[in-house]
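To start, the structure under review is shown below, and the notes come after it.
The values are calculated or read from the model by the stated rules, or taken from the named source; none is laboratory data. What you see is a predicted model, and the numbers here were worked out from it, not measured in a lab. Every residue, glycine as well, gets a Cβ built from its backbone with ideal geometry; the counts of neighbours run over all protein chains shown. These area figures cover heavy atoms from the full protein model, side chains too; ligands, DNA and RNA do not enter into them. Shrake-Rupley method; radii C 1.70, N 1.55, O 1.52, S 1.80 Å.
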Amino acid sequence: MGAYQVLIVGAGFAGSEAAYRLAREGVRVGLLTQSLDSVMMPFLPPKPPFPPGSLLERAYDPADPRLWAFHARAKYLLEAERNLHLFQATATGLLLEGSRVVGVSTWEGPPVEAERVVLAVGSFLGARLRIGEVEEEAGRLSEASYPDLFQHLLALGFRFLEREGEVPETPTTPGYRVRYHAFHPEEWEAATFRLKRLERLYGLGLCVREGDYALMSQEGLRLAEHLLHELG
Ligand code: FAD
């Protein structure tokens, strides 16, 4: 695949849903995520109702609440889409031509070019995870939050709010809290998903608005409809 029509950074609930819908409509989509082991990985088992026909609905099995099994079903569905390229890399910055975004740089080295870039990075911008007295740079249990992209966005002038989420203790995992940054509401246009400071750049999911898995999936579908309209 050459340059993608749409490159989505972050294969969480929102980014995966948008990528899946766009690819099924014939759009060439890149879905870049920092770990293939955490594609669409929930903190706790998702609970229906879900948007009808969504990837979230297809990956959900009421008979099997195991988090990694849900993740594996979602990843399998994404990988089966012909127009969708799911791959592992960590985005460190935006590639710019003037004020237009033309791709992303990656920690691994190769730049990734695209006509449009969507940031769907969830709770990973400048994130700190706290378990009891221990604090580390992570956006989810066992998943590091690297500083590069956040620092790059700050240097470009983007403004952020601090947010916090909590995961209760379960029989197999300790309870913990995550403090992270979300784009300031004035940076984002809800109707078009645009991060207005730059052209061809969009924000999606928890990094622009709060909500549960079903809302993230709904937002992914809404972004896909919007981009399909823009792409004609
Ligand atoms: P995520 O699902 O977090 O996906 C973001 C993805 O981006 C991750 O896979 C990450 O690896 C990737 N990424 C990040 N930075 C980069 C980078 N630079 N390069 C490449 N990839 C990158 N909602 C519920 O309905 N139920 C819950 O139990 C629940 N618990 C929550 C607990 C916490 C602590 C928080 C913060 C939120 C919780 N939510 C919950 C709310 C929300 O629905 C979830 O956070 C949801 O996962 C957000 O979806 P998302 O797609 O925006 O981000």
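Give a residue-ordered list of calculated ³J(HN,Hα) values for the stretch 171-184 (Karplus: 6.51 cos²θ - 1.76 cosθ + 1.60, θ = phi - 60°; whole Hz; x for Gly, Pro).
x, 10, 9, x, x, 7, 10, 10, 9, 8, 10, 10, 4, 4
Of the accessible area of the stretch 1-160, with the probe set at 1.4 angstrom, what percent is carbon plus sulfur? Please list the in-between numbers first.
Working: 3780 of 7180 Å².
Carbon-and-sulfur percentage of accessible area, whole number: 53.
Please list 3J(HN,Hα) in residue order for the stretch 209-222, calculated via the Karplus relation 6.51 cos²θ - 1.76 cosθ + 1.60 where θ = phi - 60°; whole Hz, with x for glycine and proline.
Per residue, the Karplus-derived 3J(HN,Hα) values read 8, 7, x, 8, 4, 5, 5, 4, 5, 4, 5, x, 5, 5 Hz.
Top mean-square fluctuation among Gln34, Gln218, Gln151, Gaussian network model of the chain, C-alpha springs under 10 Å?
Evaluated over the chain, the most mobile residue of the options is Gln151.
Taking the chain as a Gaussian network, where each spring joins two C-alpha atoms under 10 Å apart, which residue of Ala120, Ala182, Ala59 fluctuates the most?
Result: Ala59 has the largest fluctuation of those listed.
How do 86-99, 160-173 rank on mean C-beta neighbours within 10 Å, highest first? If you can, show how the numbers build up before the last one.
Values: 86-99: 16.1, 160-173: 11.9.
By packing density, highest mean first, the sequence is 86-99, 160-173.
What relative contact order, as a whole-number percentage, does the stretch 29-81 give when Cα pairs under 8 Å and 6 or more residues apart are counted? Don't skip to the answer; put the middle values down first.
Working: 35 pairs, mean separation 20.6, N = 53.
Computed value for the stretch 29-81: 39 percent relative contact order.
What shape does the chain take by its C-alpha gyration tensor, where a ≥ b ≥ c are the square roots of the eigenvalues and a/c under 1.5 counts as rounded, a/b above b/c as prolate, and the rest as oblate?
Working: a/c = 1.59, a/b = 1.14, b/c = 1.39.
Oblate.
Can you list the HN-Hα couplings for the stretch 148-154, worked out from phi with the Karplus curve (6.51, -1.76, 1.60; θ = phi - 60°), rounded to whole Hz and with x for Gly and Pro?
4, 5, 4, 4, 4, 5, 4
Using Cα pairs under 8 angstrom and six or more residues apart, how large is the relative contact order of the stretch 71-128, in percent?
Working: 55 pairs, mean separation 11.3, N = 58.
It rounds to 19 percent for the stretch 71-128.
Rounded to the nearest 20 Debye, what is the dipole magnitude of the chain about its Cα centre when Lys and Arg each give +1 and Asp and Glu each give -1 at the C-beta? Before the final figure, lay out the partial values.
Details: 24 positive and 31 negative charges, 76 e Å.
In debye, rounded to 20, the chain gives about 360.
Name the residue farthest towards the positive end of the dipole of the stretch 62-111 from the options Pro62, Asn83, Ser99, assuming +1 on Cβ of Lys and Arg, -1 on Cβ of Asp and Glu, about the Cα centre.
Pro62
Would you pull out the residues with amide H under 5 Å of Phe160's amide H, same chain only if 5 or more places away, H placed 1.01 Å from N?
Those lying under 5 Å, H to H, from Phe160 are His184.
Give, as a single signed number, the net charge of other residues whose beta carbon lies under 12 Å from the beta carbon of Ala214, with Lys and Arg counted +1 and Asp and Glu -1.
Working: positive: Lys47; negative: Glu17, Glu57, Asp212, Glu219.
Once positives and negatives cancel, what remains is -3.
Running a GNM on the chain with Cα contacts under 10 Å, which residue among Arg66, Arg200, Arg222 ends up with the highest mean-square fluctuation?
Most flexible of the set in this elastic network: Arg66.
Any idea of the accessible area per residue across the chain, 1.4 Å probe, to the nearest Å²?
Values: 10780 Å² over 232 residues.
Dividing the accessible area of the chain by its residue count gives 46 Å².
Rounded, prolate or oblate: which one fits the stretch 165-220, using the alpha carbon gyration tensor with axes a ≥ b ≥ c (rounded when a/c is under 1.5, else prolate when a/b beats b/c, else oblate)? Display every interim value, and only then the final one.
Values: a/c = 3.75, a/b = 2.24, b/c = 1.68.
Since a/c reaches 1.5 and a/b is larger than b/c, the shape of the stretch 165-220 is classed as prolate.
Using the Cβ atoms and a cut-off under 12 Å, what net charge is assigned to the surroundings of Ala190, where Lys and Arg are +1 and Asp and Glu are -1? List each step's numbers first, then the result.
Numbers: positive: Arg194, Lys196, Arg209, Arg222; negative: Glu186, Glu187, Glu189, Glu219.
Charge balance near Ala190 sits at 0.
Suppose a student asked you for the relative contact order of the chain, using Cα pairs under 8 Å spaced at least 6 residues apart; what percent would you report? Don't skip to the answer; put the middle values down first.
Details: 493 pairs, mean separation 54.1, N = 232.
Relative CO of the chain lands at 23 percent.
Rounded to the nearest 500 deg cm²/dmol, what is the calculated helix-only ellipticity per residue at 222 nm for the chain, with -39500 (n - 2.57) per DSSP H run of length n ≥ 4?
Values: 5 runs with 57 residues, N = 232.
When only DSSP H runs of four or more count, the value is -7500 deg cm²/dmol.
Between the alpha-carbon centers of the stretch 144-193 and the stretch 195-216, tell me the distance in whole angstrom.
11
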